[in-house]
Amino acid sequence: MPSQDVRSGSTCVVGLQWGDEAKGKIVDLLTSDHHYVVRYNGGANAGHTIVKDGKTFKLSLLPTGILSPHICAVIGNGLVVNPVRFLEEVKNLRDAGISVGSNLVLSDHAHLIFPYHMEEERLFEQGSSQAIGTTGRGIGPCYEDKVSRSNGIRVGDLLYPDHLRQRLQAVVARKNLLLHGLASDAKQFDADALCGDYLGYADQMKPHIQDTVRLLNNAIKQGKRLLFEGAQGSLLDVDHGTYPYVTSSNSSVAGIWSGSGVPAKHLSRIIGVIKAYTSRVGRGPFPTELDDGPTGIGETIRKIGREYGTVTGRPRRCGWLDLVAVRYSATLGGVDEVTIMLLDVLSALDELKVCVAYELDGQRIDDFPGDAFLLERCKPIYETLPGWRTDISAVRKPSDLPANARRYVDRVAALLQLPVSIVSVGPDRAQTILMR
């Protein structure tokens, strides 16, 4: 489905909440207007569920664009990559009849996840009173090694066996000491065995490994259009999110330049994606959470919206739409327009609430606190809107939306002072309303 108001240059699709906003569907809708789809942050801790031609695809590392034959899907330098997961996803797609070859490119400067990263994360998380609630896939420890410089190993190192072996011998010796210091029964690792395993992965990955910074900037010079696919959500950005309950990378628009090597001046359209409500996985402050029991509204939203993690299967915490948070992340990302996803999930409710401000220590505030310990003390101030109690999953035109559903969409746009360009009323590609 072509997008409206197609402009030259590159586009970014970014989540404005705590992730799981159904960004993958919007990326899939926009692929026909672009030549490259680029992931610029995160790893296999992200999850995109795409329904295409009646088939459901669950991706966690590969860009959504891999499902479109004309697209070159790029895993940028800002990601951390588990070779086992990479090869599993490639195999799963091929088994499903999706062609995967030169249309999938992996940055030689992306960092590699090793088994010791997962052991390190397990030991940090278990029994900790301040556990973040991670996916346990070694993402954070791998980013820590990247920043430490002495322990980071990149995808390109797979192409040089002697160099990889030397790096692993030095790194694994340090990791074993660290792991033993964390727990006397921690797993210990053998550098030569890891090297052998990873060189085996390298034989299969080699056709995909390239200098993606050069690839993407040359594509722009040739007039190609790039679509950047954000993972997680802006409120999980390591610099700008609800720290420390965040991911380990820049999951907002801020991550594009560093995570892909493409200067921000090439972005001409930034699309912010939100759910019609709010959800979050793991620990952290959540002012509008509906923790109201097994028969409450929060559980109703979870069941109807199938709010379980694509990667982990964990039930997501659910609550009313928090427009204070969305307004903050939309401003942070320089968002041009908003898409509202899963509006159909709210059709079962008699009335709806949206958070328009917070009360912090007895004072009304309209701005989003950047620190988690302050956000934890915030109480939502709501505006109540009437529900529509009508199935809208078959609606395809704005004029066919029930009056109260249209009122909800228009009120969100007014409070955000941003146009709503797309409303999704179901997981299928066709269950989409173009608002303008």
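The values are calculated or read from the model by the stated rules, or taken from the named source; none is laboratory data. Note that the structure is a prediction, hence the values are computed from the model and not measured. A quick note on method: Cβ atoms are made from the backbone with ideal geometry, for glycine too, and the neighbour counts reach across all protein chains shown.
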Report task. For residue 125, state whether it is modelled with pLDDT under 95 and surrounded by fewer than 19 Cβ atoms within 10 Å (Cβ to Cβ). Result -> yes
Query raised in the report: Which pairs do you get when a residue that is under 14 Å from residue 167 (Cβ atoms), found in the stretch 179-204, comes within reach of a residue that is among the hydroxyl-bearing types (Ser, Thr, Tyr), reach meaning Cβ atoms under 7 angstrom, with the pair 6+ apart or on two chains?
Result: 189/116
**Report entry** Top-ranked residue of the stretch 149-168 - restricted to ones that are out of contact with any Leu (no Cβ under 9 Å at 6 or more places or on another chain) and surrounded by 14 or more Cβ atoms within 10 Å (Cβ to Cβ), ranked as farthest from residue 192 (Cα to Cα)
**Finding:** 156
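Could you tell me which of the residues 58, 91 is surrounded by fewer than 20 Cβ atoms within 10 Å (Cβ to Cβ) and in a strand (DSSP E or B)?
Answer to the check: 58.
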Report task. Being crowded, with 24+ Cβ neighbours inside 10 Å and of a type in the set (Asp, Glu) is the filter here, so list the residues in the stretch 193-240 that pass it. Result -> 229, 237
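To keep it simple, each residue is scored yes or no on (1) more than 19 Å from residue 319 (Cβ to Cβ); (2) touching a strand residue (DSSP E or B) at 6+ places or on another chain (Cβ under 8 Å).
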{"position": "364", "(1), (2)": "yes, yes"}
{"position": "369", "(1), (2)": "no, yes"}
{"position": "377", "(1), (2)": "no, yes"}
{"position": "384", "(1), (2)": "no, yes"}
{"position": "392", "(1), (2)": "yes, no"}
Requested in this report: Would you confirm whether any residue within the stretch 233-241 is small (Gly, Ala, Ser), assigned by TED's automatic domain parsing to the domain that holds residue 40 and in a helix (DSSP H, G or I)?
Outcome: yes
Report task. Could you list, in sequence order, all residues of the stretch 255-284 that are at pLDDT below 95 and either under 17 Å from the mean Cα position of the chain (by Cα) or under 18 Å from residue 20 (Cα atoms) (or both)? Result -> 280, 281, 282, 283, 284
Requested in this report: Output yes when any residue across the stretch 394-403 is of a type outside the set (Phe, Trp, Tyr) and within 22 Å of residue 235 (Cβ to Cβ), and no when none is.
Outcome: no
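Surrounded by fewer than 24 Cβ atoms within 10 Å (Cβ to Cβ), in a loop (DSSP other than H, G, I, E, B) and either in contact with an Asp or Glu (Cβ under 6 Å, 6 or more places away or on another chain) or among the polar types (S, T, N, Q) (or both): does that describe residue 258?
When the stated conditions are applied, residue 258 does not pass them.
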Report summary line: Checked against (1) in contact with a helix residue (DSSP H, G or I) (Cβ under 9 Å, 6 or more places away or on another chain); (2) farther than 24 Å from residue 155 by Cβ, residue 96 satisfies every condition except (1)
Report task. Would you be able to say whether some residue in the stretch 341-361 is over 19 Å from residue 279 (Cβ atoms) and in contact with a His (Cβ under 9 Å, 6 or more places away or on another chain)? Result -> no
Report task. Report yes if residue 293 is assigned by TED's automatic domain parsing to the domain that holds residue 427, among the small types (Gly, Ala, Ser) and either out of contact with any Phe, Trp or Tyr (no Cβ under 9 Å at 6 or more places or on another chain) or closer than 22 Å to residue 65 by Cβ (or both), otherwise no. Result -> yes
Report task. Would you check which residues across the stretch 362-405 are under 26 Å from the mean Cα position of the chain (by Cα), surrounded by fewer than 16 Cβ atoms within 10 Å (Cβ to Cβ) and farther than 26 Å from residue 421 by Cβ and list them? Result -> 370, 371, 373, 376
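Could you check the stretch 212-234 and list, in sequence order, the residues that are at positive phi and of a type in the set (S, T, N, Q)?
The answer is 232, and nothing else.
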